[in-house]
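Below you'll find the structure, written out as structure tokens, and then a few comments.
The values are calculated or read from the model by the stated rules, or taken from the named source; none is laboratory data. Just so we're clear, the structure is a prediction, and the values are computed from it rather than from any experiment. In this analysis, Cβ positions are derived from the backbone assuming ideal geometry, glycine residues included, and neighbour counts consider all displayed protein chains.
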Amino acid sequence: MDINIQNTSGQTSLMAVVYNNDVNMVQALMSYNPDVNIQDNRKNYPFLYTGARGYLDILKLIYKKADTKNVVNIYGGNALIPACEKGHLETVIFLLNNTDINVNHINNLSWTALLEVTILGNDSKNNQEIVKVLLKHGADKTIKDNNGKTALDDAKEQNLKNIERLLK
């Protein structure tokens, strides 16, 4: 049996169970050594999708086999960017502490993980913690988006006072 066979949506059996957040089935499939870097028709693959959704239990099962540098989503982003945007603090911490993911990766929108938080996020304690973790792991707060704005500029514009203080 080819564990990496894809359906008409481009999903492998692993990707299909990841979409359903089925930890037990992912664990069973991992014993067959699937390729965790195969992208489906939406350019999702297990590592990216678990990061974006905050499926930390599954992420811990697959991350050692994932290409964290070269496989990106439809927006050209790595798993860290949507994890930050969606506020998955524990996932962000795990990614930064356990993988070689690029904290300053720039997606097709010209956004880094830090910019994603200030552009699409809010001033919640959770997002403040994400900003702290990103900065601790070397997030470059001087990177500008295509509009010439830094994360600090966006925080000011979005009235994210607590995040603004962190970025000064």
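If you go through region 111-162 and keep only what is closer than 19 Å to residue 76 by Cβ, within 17 Å of the chain's Cα centre (by Cα), among the hydrophobic types (A, V, I, L, M, F, W, C) and surrounded by 22 or more Cβ atoms within 10 Å (Cβ to Cβ), you end up with 111, 113, 114, 115, 117, 134, 139. All conditions in (1) assigned to a loop (DSSP other than H, G, I, E, B); (2) at negative phi hold for residue 134, with the sole exception of (1).
Residues that are under 17 Å from residue 21 (Cβ atoms) and of a type in the set (Lys, Arg) within region 51-101 comprise 53, 60, 86, listed in sequence order. For region 54-97, a residue qualifies if it is in a helix (DSSP H, G or I), under 19 Å from residue 110 (Cβ atoms) and not small (Gly, Ala, Ser), and the qualifying residues are 80, 81, 82, 84, 85.
Check region 95-102 and report whether any residue there is farther than 24 Å from residue 43 by Cα and out of contact with any Pro (no Cβ under 9 Å at 6 or more places or on another chain). Within region 95-102, one or more residues are farther than 24 Å from residue 43 by Cα and out of contact with any Pro (no Cβ under 9 Å at 6 or more places or on another chain). Can you say whether residue 69 is farther than 21 Å from residue 10 by Cβ, surrounded by fewer than 19 Cβ atoms within 10 Å (Cβ to Cβ), charged (D, E, K, R) and at pLDDT below 95, as far as the supplied structure shows? Answer is yes for this residue. Determine whether region 111-123 contains at least one residue that is of a type in the set (Val, Ile, Thr), within 29 Å of residue 34 (Cβ to Cβ) and part of a loop (DSSP other than H, G, I, E, B). No; the residues of region 111-123 include none that is of a type in the set (Val, Ile, Thr), within 29 Å of residue 34 (Cβ to Cβ) and part of a loop (DSSP other than H, G, I, E, B). Residue count for region 4-34 satisfying the condition of being touching a residue at least 12 places away in the same chain (Cβ under 8 Å), farther than 16 Å from residue 66 by Cβ, assigned to a loop (DSSP other than H, G, I, E, B) and of a type outside the set (Ser, Thr, Tyr): 4. Test residue 103 against the criterion of being touching a His at 6+ places or on another chain (Cβ under 8 Å) and assigned to a loop (DSSP other than H, G, I, E, B), and give yes or no. Here the answer is yes, as residue 103 does meet what is asked. Looking only at region 29-41, decide whether some residue is out of contact with any strand residue (DSSP E or B) (no Cβ under 9 Å at 6 or more places or on another chain), more than 27 Å from residue 8 (Cα to Cα), hydrophobic (A, V, I, L, M, F, W, C) and crowded, with 18+ Cβ neighbours inside 10 Å. Checked region 29-41: no residue is out of contact with any strand residue (DSSP E or B) (no Cβ under 9 Å at 6 or more places or on another chain), more than 27 Å from residue 8 (Cα to Cα), hydrophobic (A, V, I, L, M, F, W, C) and crowded, with 18+ Cβ neighbours inside 10 Å. Out of 62, 81, one residue alone is touching a residue at least 24 places away in the same chain (Cβ under 8 Å) and in the same structural domain as residue 154 (by TED's automatic domain parsing). It is 81.
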